[in-house]
1. Looking at the range 29-61 only, could you name the residues that are part of a helix (DSSP H, G or I) and more than 15 Å from the chain's Cα centre (by Cα)?
2. Can you confirm whether Q76 is of a type in the set (S, T, N, Q), surrounded by fewer than 10 Cβ atoms within 10 Å (Cβ to Cβ) and in a helix (DSSP H, G or I)?
Amino acid sequence: MGRFLAWTAVGVVAVVAVGWLAIALLKALLGVAVYLIVGAAVVGGGVYLYRKGKRAISRDQRMRNRIEAATVTYRQRNR
């Protein structure tokens, strides 16, 4: 009878330990998944805003803005 109780206790402890390990591993995996999803959403939003901003300004206007900014920078350097 003593061996039966000992082996039963060992089995219960083993099941609890494996369950605890499985829950810890599942939490870690879900945490990583959440960070990946949030990161993908941030990068996707950045790409969306970049494209939207780029389309809002025509190619010619963007070129004029770049030339004007370069001219201002050049003037500031050569004071």
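1. Y48, L49, Y50, R51, K52, G53, K54, R55, A56, R59, D60, Q61
2. When the stated conditions are applied, Q76 passes them.
All of the numbers you see were taken from the coordinates with simple rules; none came from a lab. Since we're looking at a predicted model, the values are computed, not measured. Backbone-built Cβ (ideal geometry, glycine too); neighbour counts: all protein chains shown.
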